[in-house]
Amino acid sequence: MMRLGTAVPSLIRPPGVCVPASRIDDGSVAAVELKGIVKRFPGVIANDDVNLTVAPGTVHALVGENGAGKSTLMKILYGMQHPDEGTITIGGERVEFKSPTDAIRHGIGMVHQHFMLADNLTVLENVILGYEPTRFGVIDFDGARRRIEELTELYGLPVEPDVRVERLGVGDRQRVEILKVLFRGATTLILDEPTAVLVPQEVDELFDNLSDLKSQGITILFISHKLDEVLTVADDITVMRAGTTVAARKPADVTSHQLAELMVGSELPTPETRESTVTDQVCLELSGITVCREDGRPDVDDVSIEIHQGEIVGIAGVEGNGQTQLIAAIMGTTTTRSGSISLDGDDITHWPTRRRREAGLGYVPEDRHRHGLLLDAPLWENQILGHQTQEPNARGPWIDRRAARARTEELVEQFDVRTPTIDVMAGALSGGNQQKLIIGRELMAGPVAMIAAHPTRGVDVGAQAAIWDQLRDARHDGLATLLISADLEELIGLSDTLLVIYKGRIVARLDPAATSPEELGSHMTGAAAAGGAG
């Protein structure tokens, strides 16, 4: 018999959970009310006089830049952090949460952005883990299965209780996380960036699930930086900026552009770049690059690209059409079947990655957590990554700790990386600040050419605008940049030349000034005739 933590006696509602007053007297009392919330950390005020009122049975969106204080506020509501000032009221009852257990007892459940599931356990085992119902002193699996089936039917969350989680897709895993908190009696759900890892079809399915939950009286706090989605799903929107609440809006009364400007506190910049800085000097050149799979089929098929000094060449394409393999070929982390690569006139085709980096090849990876950062290392150590053999980070064969720290302080100041100190772990930064750290690290090294793969993926509008500015400034200073992005506005706005990759081949060369997103999308999906390859 599997043993899973401490048993609890009830399947329907755990003892001590209060039914919020707003669920009884519909609409007369707020499901959640936060007043004057203040939370201080050493060197920073994360929340400063935050006010939030959430009506029962609604989807209430909370939006703001990375670092605006949204996550801290939700951790306070979920009992993971304790406010220094302010009050929390749940269904008309003032409460003080010392832990998430207290929050759960008052009907608050949280689904984190990064799922907390055990792959080797079944759906049922994950749902009851740490909260196992018992009968006659043993875990009541049959009763738990019945309760899960009731919940899936009631809230439109179809999952098979006996399937191992490792066999589930991302959308199904998210439904399991929602079932976990509903099983514990939650009547208010906090969803932290719930669409960050979902494909469009899964996003639509999630929104259907939220509609079903809302129809059953569940209240949902929806944290996101995807403003078009917020306007689609929310009943009410609260905007946070610099640690405090600055506006409350109805979706019908605001546009995504207006929301973005409320988030950043000023007119929203665009990626528009039209003044040419392109010279005749070729900095990075690919000639006939082919990369094949083990079975001989090409992922990259005879690709040739020239990037000049002061030029941004954008590559558009549906993900999975060879972009990742092309980047790996340029960086030297995969073997090319044929073709050549030159950097500033030197043939680097057979150079190892380290030598390419030392020769001036910058790299912003598409997955910052896997390939760009050591999340459990401080910022000053992350600033060294990829440049650990070069001054000022190194003196001979040794790391120059003092110089590396000074360099990091300069980076934090120049690129507006918001952190109390350079000794903070990289994993503690918001996504936007992590990305600014990586881009700053690469640009401060003075590269000849740089690969920027999805440089603004998963960051808010403020960080996005800052990164656009940094790429424009680097272009003006003569940097040659290969920009790979799924953001068509970004590609059209920043690029001097646009290439489209489809099934591993460059199928179109376009002028960004004369290209629409619709035309670009047509080439990306293969609907347009191939042509203009360069």
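The values are calculated or read from the model by the stated rules, or taken from the named source; none is laboratory data. Worth saying up front: this structure is predicted, and the values here are computed from it rather than measured. Note that we place each Cβ from the backbone using ideal geometry, even for glycine, and neighbour counts take in every protein chain shown.
Filter the range 78-91 for residues that are touching a Ser or Thr at 6+ places or on another chain (Cβ under 7 Å) and either under 14 Å from THR53 (Cα atoms) or not assigned by TED's automatic domain parsing to the domain that holds ARG184 (or both) and give the result. Step through it out loud before you land on a result.
Going residue by residue through the range 78-91, those that are touching a Ser or Thr at 6+ places or on another chain (Cβ under 7 Å) are 79, 81, 91.
Residue satisfying the conditions is GLY91 alone.
Does GLY372 satisfy being small (Gly, Ala, Ser), touching a residue at least 40 places away in the same chain (Cβ under 8 Å) and more than 29 Å from GLY296 (Cα to Cα)?
Yes; evaluated as a whole, the condition is true for this residue.
Restricting the range 219-236 to residues that are closer than 15 Å to ALA31 by Cα and either crowded, with 22+ Cβ neighbours inside 10 Å or without any contact (Cβ under 8 Å) to a residue 12 or more places away in the chain (or both), which is farthest from the chain's Cα centre (by Cα)? Break it down stepwise before answering.
Taking the range 219-236 as the starting set, the residues that turn out to be closer than 15 Å to ALA31 by Cα are 219-222, 235-236.
Filter once more, so that each one left must be either crowded, with 22+ Cβ neighbours inside 10 Å or without any contact (Cβ under 8 Å) to a residue 12 or more places away in the chain (or both): 219-222.
On the way: THR219: 24, ILE220: 20, LEU221: 18, PHE222: 15 Å.
Filtering first and then ranking leaves THR219.
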Open item on the list: Looking at the range 423-440, can you tell me whether even one residue there is among the acidic types (Asp, Glu), closer than 26 Å to ALA242 by Cα and touching a helix residue (DSSP H, G or I) at 6+ places or on another chain (Cβ under 6 Å)?
Closed with: no
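Residue-wise test of (1) at pLDDT 90 or above; (2) in a helix (DSSP H, G or I).
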residue	(1), (2)
ARG173	no, yes
LYS180	yes, yes
ALA186	yes, no
LEU198	no, no
GLU202	no, yes
LEU206	no, yes
SER211	yes, yes
LYS214	yes, yes
ILE220	yes, no
TODO: Give the residue that is farthest from LEU483 (Cα to Cα), with candidates limited to residues of the range 333-370 that are hydroxyl-bearing (Ser, Thr, Tyr) and outside any loop (DSSP other than H, G, I, E, B).
DONE: SER338
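Here's the yes/no breakdown for (1) over 25 Å from VAL181 (Cβ atoms); (2) of a type outside the set (A, V, I, L, M, F, W, C); (3) assigned by TED's automatic domain parsing to the domain that holds GLU177:
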site	(1), (2), (3)
GLN216	no, yes, yes
GLU229	no, yes, yes
VAL239	yes, no, yes
GLY243	yes, yes, yes
Open item on the list: Being in contact with a Lys or Arg (Cβ under 7 Å, 6 or more places away or on another chain) and either among the aliphatic types (A, V, I, L, M) or not assigned by TED's automatic domain parsing to the domain that holds GLY169 (or both) is the filter here; which residues of the range 96-120 pass it?
Closed with: ILE104, LEU117
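Only one residue in THR245, THR353, THR277 is crowded, with 18+ Cβ neighbours inside 10 Å and either more than 28 Å from HIS387 (Cα to Cα) or among the hydroxyl-bearing types (Ser, Thr, Tyr) (or both), so which one is that? Explain how you work it out, then say what you get.
On the way: THR353 fails: crowded, with 18+ Cβ neighbours inside 10 Å; THR277 fails: crowded, with 18+ Cβ neighbours inside 10 Å.
Within the list THR245, THR353, THR277, the selection yields THR245.
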- [ ] Might you check whether a residue that is crowded, with 20+ Cβ neighbours inside 10 Å, at pLDDT below 90 and in a loop (DSSP other than H, G, I, E, B) occurs anywhere in the range 68-78?
- [x] yes
Open item on the list: If I go through the range 356-383 residue by residue, how many of them are buried (at least 20 other Cβ atoms within 10 Å of the Cβ), among the aliphatic types (A, V, I, L, M) and more than 24 Å from LEU284 (Cβ to Cβ)?
Closed with: 2
- [ ] Answer yes if at least one residue in the range 292-308 is among the β-branched types (Val, Ile, Thr), surrounded by 21 or more Cβ atoms within 10 Å (Cβ to Cβ) and within 25 Å of the chain's Cα centre (by Cα), and no otherwise.
- [x] no
